[in-house]
Amino acid sequence: MRNESLTPEAVSDSLIGCTPTVSPATARHADGTLVDRYGRHVTYLRLSITDRCDFRCGYCMAEEMTFLPRAQVLTLEECLRIARVFVDLGVTKVRVTGGEPLVRQNAVWLLEQLGRLPGLDELVITTNGSQLDRFAPALRAAGLRRINLSLDTLRADRFREITRVGDLGKVLRGLDAAQAAGFQRLKINTVMMRGSNDDELIDLVEFVLDRGIDIAFIEEMPLGDTGHARQASYFSSEEALAGLRKRFVLLPSAESTGGPARYWRIPGSSTRVGFISPHSHNFCDTCNRVRITARGELYPCLGNNQSIQLLPLLRAHPTDDVPLRLAIVDGMGIKARGHDFSGQMAAPQVLRFMSMTGG
């Protein structure tokens, strides 16, 4: 399937009943609120600040990657400008992602600026942990309160195999540093892969229980042609939950962290065990998220190819946010009702890598 990237000028024309000059899409939105065609309020922005990463995880990218030239990547000032407009439109949560966001030079500066935006209630980051031993205190000082750390195994040899280049010991030192820095909530994100780490799920829960942190198990998503055998490695949330219940008492919880995870509680513990299930339990009906890629594309749906190019707008109007604001509001009109990953494990229809879209 082709990548249906829309220019800002074409966005309104692509929406039924909309024109570039008088936009009913804009009129549909209450002041300070983003609402799509299906009545879903968008309050959560995932902002990728780089496509680069110091790992090469098989489900995320190819082993040999060609990264974007610097001129095609959002500057940090442009990232801040986009986030500011989204917050002005009612977004209350921003998650900074990559690639690996902490390999971006001066990423902490951006986080400091984001943390000062009036109206932003929650600033979080997703990281592979490789840089946390250096940056954890600075991230805490910048205003972050939560960190999601990607960790798929507790075995050094498997970690190297999954990441192709990573050092498990460095990531665990980063987790130690984050806990020492006093973050309120830390969460491990684990992509479940049959034959790779499905025999470690109990060990991972015991690991987070010992540390008093959370964990979310994620069904693998078919994004990008990574050369990774997804059909063979897919492992469902139901299988994981059944296996974990052989060791733990898991009670369903109505808690939410503003994302797609569904949580369970272990009695006597502060730990939450979550499942993100894009295959087995589609969560599109409650989707409140949009994504900005490292090259300034607005993707209203992770599992859909339609996008809006914001980078040309930013650079054509360096001091005027009105065109950017209108493009973002109109962009809610291309947010799909939902994704469908069935049948895509062998031949993904979304060909961009996860590292580009933002984890």
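Quick one: Cα centre-to-centre distance for region 47-64 and region 74-132, in angstrom?
The distance from the Cα centre of region 47-64 to that of region 74-132 comes to 18 Å.
Beyond 18 Å, how much of the Cα-Cα pair distribution for region 64-143 remains, as a whole percent?
It works out to 42 percent of all Cα pairs.
May I ask you to order 126-133, 177-184, 300-307 by the average number of other C-beta atoms within 10 Å around their residues, highest value first?
The densest-packed peptide leads the list: 126-133, 300-307, 177-184.
Over region 133-228, consider all pairs of different Cα atoms and compute the Kirkwood hydrodynamic radius from their mean reciprocal separation; express it in Å, one decimal.
Working: mean 1/r = 0.0698 Å⁻¹.
Roughly 14.3 Å, rounded to one decimal.
Once the piece of chain linking Gln179 and Arg247 is laid out straight, how much longer is it, given 0.36 nm per residue of separation minus the C-alpha distance between them?
Between Gln179 and Arg247, full extension yields an extra 21.9 nm.
Can you grab the distance from the C-alpha centre of region 319-336 to the C-alpha centre of region 138-202, Å, no decimals?
35
Could you work out the relative contact order of region 245-335, using alpha carbon pairs under 8 angstrom and six or more residues apart, expressed as a whole percent?
15
So what is the relative contact order for region 52-129, in percent, with contacts set as C-alpha pairs under 8 Å and at least six apart?
Reported as a whole number, the value is 38 percent.
Given contacts defined as C-alpha pairs under 8 Å and at least six residues apart, what's the relative contact order of region 136-218, whole-number percent?
Here the relative contact order equals 37 percent.
Read-outs throughout are calculated quantities, based only on the coordinates presented, and are distinct from any laboratory measurement. These numbers come from a predicted model, not from an experiment. Here Cβ is always computed from backbone atoms with ideal geometry, including for glycine, and neighbour counts include all displayed protein chains.
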